[in-house]
Structure formats: structure tokens, C-alpha cells
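The values are calculated or read from the model by the stated rules, or taken from the named source; none is laboratory data. In this text, all values refer to a predicted model and were calculated from it rather than measured experimentally. Methodologically, a virtual Cβ is constructed for each residue, glycine included, from the backbone with ideal geometry; neighbour enumeration extends over all protein chains shown.
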Amino acid sequence: MTVHAATAPSPLAQPPAPAPAAPEALARTARLQHLLDVYGGLLTEHQREACRLHLDEDWSFAELAEDLGCSRSGAHDLVRRGLAQLEHCEARLGHAAELARRDQVEAALRARLGERG
């Protein structure tokens with residue numbers, strides 16, 4: 001009787017490629033970037049820079065932690081609190097939504113003017 005040993009995956013095997021970002025995730029990131037543009041001045045400089053690096057430069061929490069001199073969970077908490085503050089400001093003030101509405105009105109007016117020209 002032959003006993004076969006379980007074959008372990010080769011340590012040289014490559015992990016599967018990451019799945020492309022879902023459209024919802026991209027839309028959320030774009031929304032948060034816009035909120036950071038509108039309300040970033042209300043965050044502390046530390047929060048603003050961490051959120052900017054995470055959203056705009058796509059830095060991981062490990063990279064942020066190394067740059068900020070804190071733990072990975074500390075970097076995560078800093079970004080999470082900053083983004084929550086941005087969401088709170090938008091819920092209370094609505095400036096980003098109003099700017100988006102005005103951009104749509106301007107685009108429609110420019111399109112109508114282009115039709116006449």
C-alpha cells in the first residue's frame with residue numbers, strides 16, 4: 001500500500017493577480033477625493049495629508065504608517081477619522097453636492113450655447 005504525502009503549494013508559486021477595482025469602489029474613491037478637495041481645510045494637517053496620500057497617491061496603510069512613524073492601525077484610524085469627518089461635513093453642509101449640481105447646470109448651458117453657435 002502506497003501512502004501519498006499531501007503536496008504543499010510551492011513557495012515559488014505566484015499569488016493570483018488582484019481583481020480589478022469594482023466600479024463602486026472607484027466611484028467611492030472619486031467621491032471622497034472630491035470631498036477632500038471641498039472640506040480638506042477643515043481637517044487637521046496630519047489628517048489631510050494622510051487622506052491625500054491614501055486617496056490621491058494610493059498609498060497603503062503600511063506605507064502611511066512608515067511615513068508617519070506610527071503603526072499600521074494608527075494610520076488606518078487616522079484616515080478613517082478624516083474620511084468620517086469629510087462625510088459628516090457633507091451631510092451637514094452639502095457644499096460638494098451643490099457644487100456638483102452647479103457643474104451640471106453649467107454643462108447643460110454650455111451645451112445649449114454650443115447648439116446655437
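Could you grab the pairs with beta carbons closer than 9 Å, sequence gap of 6+ or different chains, first residue in segment 68-82 and farther than 13 Å from Arg52 by Cα, second one surrounded by fewer than 18 Cβ atoms within 10 Å (Cβ to Cβ) and among the aliphatic types (A, V, I, L, M)?
Going by the 9 Å Cβ cut-off, the qualifying pairs are Arg72/Ala62; Gly74/Leu68.
Which residues, taken from segment 43-77, are assigned to a loop (DSSP other than H, G, I, E, B) and either closer than 19 Å to Thr29 by Cα or under 17 Å from the mean Cα position of the chain (by Cα) (or both)?
Selection gives Leu43, Asp56, Glu57, Asp58, Trp59, Ser60.
Gly114: part of a helix (DSSP H, G or I) and modelled with pLDDT under 95, yes or no?
yes
Scan Val38, Val3, Val79, Val105 and give me the residue that is modelled with pLDDT of 95 or more and exposed (fewer than 11 other Cβ atoms within 10 Å of the Cβ).
Exactly one residue qualifies, and that residue is Val105.
Of all residues in segment 85-99 being assigned to a helix (DSSP H, G or I), without any contact (Cβ under 8 Å) to a residue 12 or more places away in the chain and small (Gly, Ala, Ser), which is surrounded by the most Cβ atoms within 10 Å (Cβ to Cβ)?
Ala97
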